[in-house]
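Asker: Sharing a structure here in structure tokens format.
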């Protein structure tokens, strides 16, 4: 900012090159009002200045401003560049704006832009993160050149959406094409093995890291502990942790704790929770997992002690939420909250849906309501789960 003051005194800040760098500096520090002021003062603007501002709004997750500047850029006679599209696609990938991302993709095609690796990777990442795997496959197949980032994005999409075998097959193709895997690649493959329960494959890929001179990091060990824990192989998971060359972190013990919650392993869950509390006492998640373990075992006194510990430590759980996108608007739903402007219509629609599925033999699984209440109250707690509210809203809209 001192240098900025010197620029103002000499009038350099009005130069498009200096001004673009200046607004980029503010944008990268999240100071968008200062960035826009620097942009607005420029005597003349070019694609670089527009792109720097759009990228700043995208990083701040300011949807209206990012898309507004994208439209204004076209109106002012500046054509979008690969940097413009990359910023918009990255933004859409991070906040789930698939429909708007598709609109920008169509705009890019109409403008005659080729799908080079720079833009293609962000577009591929957007479709993969949104769960539109078929579109991700199309983008991947049309890339002029596929680098390690392209392969990693495709592997991540497959792993995150349950296509574990496809992820492994793509990894093998990647090796055949002579693309050298990096740490992220192996993490994607190990996560795919974990989500798909591929017990035979994980050890081979974990050992393969040495062949490619990739040193395992803590994230790779977390993926293995998660895999073994999901499979219920607790003794093997504990041995793997003990033999790690790195000191186990809260993430390692947290993965084991999550598996204990899944399989209702109270004793090992207690041990894992104690380790997490020592390493990361400010995270509410492990406390809730331990509470759930006790509650699922009907150890309500122990569960109450965990809740008391959380209150005394000032720990609060971030509420889970669900969202969906309709006509370029993202609607957010939180369980048992009635802040949506159409909540009455949503509740009415859910009552209709619930009535139909009850007639068809639907019985709510109250095992997931870990509260010391009667069965009727457990069922009512499930009634307004965030996913059910989102489903009812979508049904109401269509």
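Each reported figure results from applying straightforward, stated rules to the coordinates on display, with no laboratory input. These numbers come from a predicted model, not from an experiment. Here Cβ is always computed from backbone atoms with ideal geometry, including for glycine, and neighbour counts include all displayed protein chains.
Asker: Can you order the peptides 246-255, 292-301, 74-83 by their average number of other Cβ atoms within 10 Å per residue, highest first? The partial results should precede the final answer.
Answerer: Values: 246-255: 19.0, 292-301: 16.8, 74-83: 13.4.
Descending mean neighbour count gives 246-255, 292-301, 74-83.
Asker: OK, next. Could you compute the FRET efficiency for residue 264 and residue 46, with r as their C-beta to C-beta distance and R0 at 51 Å, rounded to 0.05?
Answerer: Numbers: r = 62 Å, r/R0 = 1.21.
The formula returns an efficiency of 0.25 here.
Asker: Relative to the longest principal Cα axis of the chain, at what angle does helix 218-230 sit, 0 to 90 degrees, rounded to 10?
Answerer: Once rounded, the angle reads 40 degrees.
Asker: Taking R0 as 22 Å, what FRET efficiency do you get between residue 173 and residue 215 from their Cβ-Cβ distance, rounded to the nearest 0.05?
Answerer: Numbers: r = 24 Å, r/R0 = 1.11.
According to the calculation, E is roughly 0.35.
Asker: Helix 164-176: angle to the longest alpha-carbon principal axis of the chain, degrees 0 to 90, nearest 10?
Answerer: Orientation of helix 164-176: about 50 degrees from the principal axis.
Asker: Further question: With n ≥ 4 as the cut-off for DSSP H runs, can you work out [θ] at 222 nm for the chain, using -39500 (n - 2.57) per run divided by the number of residues, rounded to the nearest 500?
Answerer: -22000 deg cm²/dmol
Asker: Please check: in the Gaussian network model of the chain (C-alpha springs, under 10 Å), which one of 318, 278, 201 has the largest mean-square fluctuation.
Answerer: 318
Asker: Given the C-alpha atoms of the range 160-255, compute the convex hull and give its volume per residue in Å³. Don't skip to the answer; put the middle values down first.
Answerer: Working: hull volume 8.8 nm³, N = 96.
Expressed per residue, the convex hull around the Cα atoms of the range 160-255 is 92 Å³.
Asker: Work out how far the C-alpha atoms of the range 87-201 reach from end to end along every principal axis, then list the three figures in whole Å, largest first.
Answerer: Dimensions of the range 87-201 along the principal axes of its Cα atoms: 47, 28, 21 Å.
Asker: Have a look at the range 202-272 and give its Rg and Dmax from the Cα atoms, expressed in angstrom.
Answerer: Both quantities, over Cα of the range 202-272: 12.2, 39 Å.
Asker: Something else: What percent does the relative contact order of the chain come to when contacts are Cα pairs within less than 8 Å and at least six residues apart? List each step's numbers first, then the result.
Answerer: Working: 486 pairs, mean separation 29.1, N = 398.
In percent, rounded to a whole number, it is 7.
Asker: Looking at the chain as a GNM with Cα springs under 10 Å, which of 100, 183, 169 has the largest mean-square fluctuation?
Answerer: Answer for the Gaussian network model of the chain: 169.
Asker: Could you compute how fast the range 1-126 diffuses translationally, taking Rh as the Kirkwood radius over C-alpha pairs and applying Stokes-Einstein at 10 °C with viscosity 1.306 mPa s? Give it in µm² per second. Before the final figure, lay out each step's value.
Answerer: Numbers: Rh = 14.9 Å.
Estimated diffusion coefficient is 107 µm²/s.
Asker: Test of understanding: what is the full-extension gain from residue 111 to residue 313, defined as 0.36 nm times their sequence separation minus their Cα-Cα distance?
Answerer: Stretched fully, the residue 111-residue 313 segment lengthens by 67.1 nm.
Asker: Note down the Stokes-Einstein diffusion coefficient of the chain in µm²/s, whole number, using a Kirkwood radius over alpha carbon pairs, 20 °C, and 1.002 mPa s.
Answerer: Working: Rh = 24.7 Å.
Translational diffusion coefficient: 87 µm²/s.
Asker: Another question, then. Which order do the peptides 125-131, 142-148, 33-39 come out in when sorted by mean C-beta neighbours inside 10 angstrom, highest first? Numbers along the way, then the final one.
Answerer: Values: 125-131: 23.0, 142-148: 13.4, 33-39: 18.4.
So the peptides 125-131, 142-148, 33-39, ranked by packing, come out 125-131, 33-39, 142-148.
Asker: Looking at the range 1-72 from every direction and averaging, what is the projected area of its Cα convex hull in nm²? Spell out each step's value before the answer.
Answerer: Numbers: hull surface 16.8 nm².
So the mean shadow area of the Cα hull is 4.2 nm².
Asker: Here is a further query. Distances longer than 17 Å among the Cα atoms of the range 229-318: what percent of all pairs is that? Mind dumping the intermediate values first?
Answerer: Details: 1841 of 4005 pairs.
Taking all Cα-Cα pairs of the range 229-318, the fraction more than 17 Å apart is 46 percent.
Asker: R0 = 25 Å: FRET efficiency of residue 15 with residue 72, Cβ-based, nearest 0.05?
Answerer: Working: r = 22 Å, r/R0 = 0.86.
About 0.70, to the nearest 0.05.
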